[in-house]
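Enquirer: Below is one structure. I have some questions about it.
The values are calculated or read from the model by the stated rules, or taken from the named source; none is laboratory data. Worth saying up front: this structure is predicted, and the values here are computed from it rather than measured. Positions of Cβ are backbone-derived with ideal geometry, glycine not excepted, and every protein chain shown enters the neighbour counts. Note: areas computed on protein heavy atoms with side chains; ligands, DNA, RNA excluded. Shrake-Rupley method; radii C 1.70, N 1.55, O 1.52, S 1.80 Å.
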Amino acid sequence: MTELKWDHFSNVIDGKLVDTAETRYSVNPSTGKPNLPVPVSTKDDLDMAVKAARKAFKTWSTTSWEERKNALLEFGKAITAEKEGFAKLLVQEQGKPMPFALREVAGSEFTIKTLCSLKLEDEVISDEGGRTVTRRYVPIGVGGGIVPWNYPIGIMIVKVTHALLTGNTIICKPSPFTPYANLKIAELGQRFFPPGVLNCLSGDDNLGPWMTSHPGIDKISFTGSSATGRKVMESCSRTLKRVTLELGGKDPAIILPDIDIPLVASQVALYAFMNSGQICVATKRVYVHSSIAKEFIAALVEAAKRLKVGDGMEEGVFMGPVNNSMQYEKVLSFVEDIRREGGEIVLGNEQDTKLRYKGKDSGNGYFIDPMIVVSAADDSRIMKEEPFGPILPVATWENDEEVIARANDTDLGLGASVWGKDMERVEKIARRLEAGSVWVNEHVLTTPVAPFGGWKGSGVGVENGREGLVGWCNVQSLYIRKEVKSVL
Ligand code: NAD
């Protein structure tokens, strides 16, 4: 295939670049200016992709694990070789600063390599009485990978690697807010995979529901909000599709009294405001021990003040804008609710966010400075719901049992962290938190070898780790008896 062109974006179906009659565009969240046109897929485009993926599955599922792994590893190298181009797309469509965009792109090859170091092998689990029983992992078929806008490349790569390594084929659907890098990643992938193995369709709000209800798709791997996840599961139930749902979080960070206050405050600020708070496992509630609350909050405010907000192309910027106007309005609605419900905004209150946003064609972006809120009631919206933006509420606590109960008092259970030097006490608390990932003295940082998923309303199933790969397989118990034995 020829060189990637960064000024034209097509669907990728059956190894070919396919344009559509209708196009749309997303908006650069730093400038409010339109990005380039992308396809709006029709039902026919989806049918074409499903047909191609079903055909490709017949041969791809019979290739060896090694062959699939090698193709993926080459794909990973090729992404790294194009890192500047992909990172620039990410800044333009997602808004994140260039160094973080480059990190997301570099993470692709790392994710691929790490997942490719795992293997699902046949295992004889019983061998007695003239019969062996072998556990096998057999690919499911055609997968649909539905991707959100916060980490478009990182999340697409996780889905593609799981699907392809285990012998499935996939149709990816980017978020309408961030279709560019995903389409180009799929285009690049055509150099390494046979036609129909990796497809990608850009579309409007119709495309996701068409995929989840399509009888030719066998599994949906969805990452997005808990509200949409419920709709996805409902729709998938009609065709009994396999589903993995990676959904929202409201991660607590519990701060013990024996910490190094400036150090921990600076780290908590990073884990709360990185990617402008738009990380599923960002720190979204802080519980600091009352004995150090005043000093800790002051240090947290100082740390957050140092984080530069601006266009992702500018030097030294830590936080770009929030990704889109809908998200911008949602975050602002939290600010209004904090003012109404009685929390005290100790950082960011002076910014008149309404005035800074002048509409998508004004040349202004969706910028919101870091906000820190104290004294919000446990049942207030900011303590219960995920703003998915740069607002961090801080509450205080007195004893371990109480803070464990308050941290767990949520419908969500994605991540959580505990910070302290008394390791016995810290680990005791950590082990009682109801979340799929629990960190001690850090937050957010995951590894592809570890299963990642949410408890309660944060998800169903996991991605990553051996368990993530298993989620893309049918499990078969193969009973083999060499000689027929009469059972009577
Ligand atoms: P979203 O739910 O609005 O959209 C996610 C994807 O689903 C997009 O591609 C969208 O077009 C598609 N979609 C929308 N409606 C659909 C429907 N009815 N059927 C099928 N697909 C549909 O989420 P978002 O705003 O893009 O992402 C932010 C959310 O994602 C946050 O809640 C965040 O916590 C969560 N998230 C979770 C993880 C995780 O791994 N658990 C990772 C990143 C983001």
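Enquirer: Among the candidates VAL268, VAL281, which residue alone is under 25 Å from PRO97 (Cα atoms), more than 15 Å from the ligand (Cβ to nearest atom) and not assigned by TED's automatic domain parsing to the domain that holds TRP472?
Expert: VAL268
Enquirer: So, in region 161-174, how many residues would count as being under 21 Å from GLY85 (Cβ atoms) and in contact (Cβ under 8 Å) with a residue 40 or more places away in the chain?
Expert: Within region 161-174, residues that are under 21 Å from GLY85 (Cβ atoms) and in contact (Cβ under 8 Å) with a residue 40 or more places away in the chain number 1.
Enquirer: Is it true that some residue in region 449-459 is open to solvent by 70 Å² or more (accessible area, probe 1.4 Å), part of a strand (DSSP E or B), within 15 Å of the ligand (Cβ to nearest atom) and not basic (Lys, Arg)?
Expert: yes
Enquirer: Give region 176-187 a look and list any residue that's open to solvent by less than 10 Å² (accessible area, probe 1.4 Å) and within 14 Å of the ligand (Cβ to nearest atom), or say none.
Expert: Within region 176-187, THR178, PRO179, TYR180, ALA181, ASN182, LEU183 qualify.
Enquirer: Please determine whether any residue of region 372-384 is acidic (Asp, Glu) and touching a residue at least 40 places away in the same chain (Cβ under 8 Å).
Expert: No, there is no match, as no residue in region 372-384 is acidic (Asp, Glu) and touching a residue at least 40 places away in the same chain (Cβ under 8 Å).
Enquirer: Quick check on my filter: what residues within region 226-241 are buried (at least 16 other Cβ atoms within 10 Å of the Cβ) and either within 25 Å of ILE279 (Cα to Cα) or not assigned by TED's automatic domain parsing to the domain that holds VAL470 (or both)?
Expert: Correct list: SER226, THR228, GLY229, VAL232, MET233.
Enquirer: Return the residues of region 284-324 that are basic (Lys, Arg) and not in a loop (DSSP other than H, G, I, E, B); say none if nothing qualifies.
Expert: Within region 284-324, LYS284, ARG285, LYS294, LYS305 qualify.
Enquirer: Give LEU120, LEU72, LEU115, LEU102 a once-over and let me know the one that is assigned by TED's automatic domain parsing to the domain that holds TYR137, free of Cβ contacts under 8 Å to residues at least 60 places away in the same chain and hydrophobic (A, V, I, L, M, F, W, C).
Expert: Result: LEU102 is the single residue among LEU120, LEU72, LEU115, LEU102 that is assigned by TED's automatic domain parsing to the domain that holds TYR137, free of Cβ contacts under 8 Å to residues at least 60 places away in the same chain and hydrophobic (A, V, I, L, M, F, W, C).
Enquirer: Next question, about the same structure. Which of the residues belonging to region 1-23 are in contact with a Ser or Thr (Cβ under 8 Å, 6 or more places away or on another chain), of a type outside the set (A, V, I, L, M) and open to solvent by less than 80 Å² (accessible area, probe 1.4 Å)?
Expert: PHE9, ASN11, THR20
Enquirer: Quick check, is TRP419 over 30 Å from ASN323 (Cβ atoms), buried (at least 18 other Cβ atoms within 10 Å of the Cβ), aromatic (Phe, Trp, Tyr) and more than 16 Å from the ligand (Cβ to nearest atom)?
Expert: No, not satisfied.
Enquirer: Given SER333, SER266, SER290, SER325, which one is without any contact (Cβ under 8 Å) to a residue 24 or more places away in the chain and surrounded by fewer than 23 Cβ atoms within 10 Å (Cβ to Cβ)?
Expert: Matching residue, one of SER333, SER266, SER290, SER325: SER333.
Enquirer: I'm trying to understand the selection: among the residues of region 202-228, which are touching a residue at least 60 places away in the same chain (Cβ under 8 Å), more than 7 Å from the ligand (Cβ to nearest atom) and of a type in the set (Gly, Ala, Ser)?
Expert: Listed by number, the residues that qualify are SER202, GLY203, GLY216, SER221.
Enquirer: I'd like the full set of residues that are at pLDDT 85 or above, on the phi < 0 side of the Ramachandran plot and not hydroxyl-bearing (Ser, Thr, Tyr), limited to region 347-376.
Expert: Of everything in region 347-376, those that are at pLDDT 85 or above, on the phi < 0 side of the Ramachandran plot and not hydroxyl-bearing (Ser, Thr, Tyr) turn out to be LEU347, GLY365, PHE367, ILE368, ASP369, PRO370, MET371, ILE372, VAL373, VAL374, ALA376.
Enquirer: Moving to a separate point now. Just a yes or no: is a residue in region 75-85 at pLDDT 95 or above, open to solvent by 50 Å² or more (accessible area, probe 1.4 Å), assigned to a helix (DSSP H, G or I) and aromatic (Phe, Trp, Tyr)?
Expert: The answer is no, given that none of the residues of region 75-85 is at pLDDT 95 or above, open to solvent by 50 Å² or more (accessible area, probe 1.4 Å), assigned to a helix (DSSP H, G or I) and aromatic (Phe, Trp, Tyr).
Enquirer: Test each condition in (1) open to solvent by 10 Å² or more (accessible area, probe 1.4 Å); (2) closer than 30 Å to THR396 by Cα for ILE255 and report the one that comes out false.
Expert: Failing condition for ILE255: (1).
Enquirer: Which residues, taken from region 384-406, are in a helix (DSSP H, G or I) and within 22 Å of the chain's Cα centre (by Cα)?
Expert: The answer is LYS384, and nothing else.
Enquirer: Looking at LYS219, LYS250, which is the one that is in contact with an Asp or Glu (Cβ under 6 Å, 6 or more places away or on another chain), open to solvent by less than 10 Å² (accessible area, probe 1.4 Å) and charged (D, E, K, R)?
Expert: Testing whether each residue is in contact with an Asp or Glu (Cβ under 6 Å, 6 or more places away or on another chain), open to solvent by less than 10 Å² (accessible area, probe 1.4 Å) and charged (D, E, K, R) leaves just LYS250.
Enquirer: Could you check, for region 377-390, whether at least one of its residues is of a type in the set (Asp, Glu), modelled with pLDDT of 95 or more, open to solvent by less than 70 Å² (accessible area, probe 1.4 Å) and out of contact with any helix residue (DSSP H, G or I) (no Cβ under 7 Å at 6 or more places or on another chain)?
Expert: yes
Enquirer: Looking for whichever is within 16 Å of the ligand (Cβ to nearest atom) and among the aliphatic types (A, V, I, L, M) here; the options are LEU73, LEU89, LEU120, LEU115. Which one fits?
Expert: Answer to the selection: LEU115.
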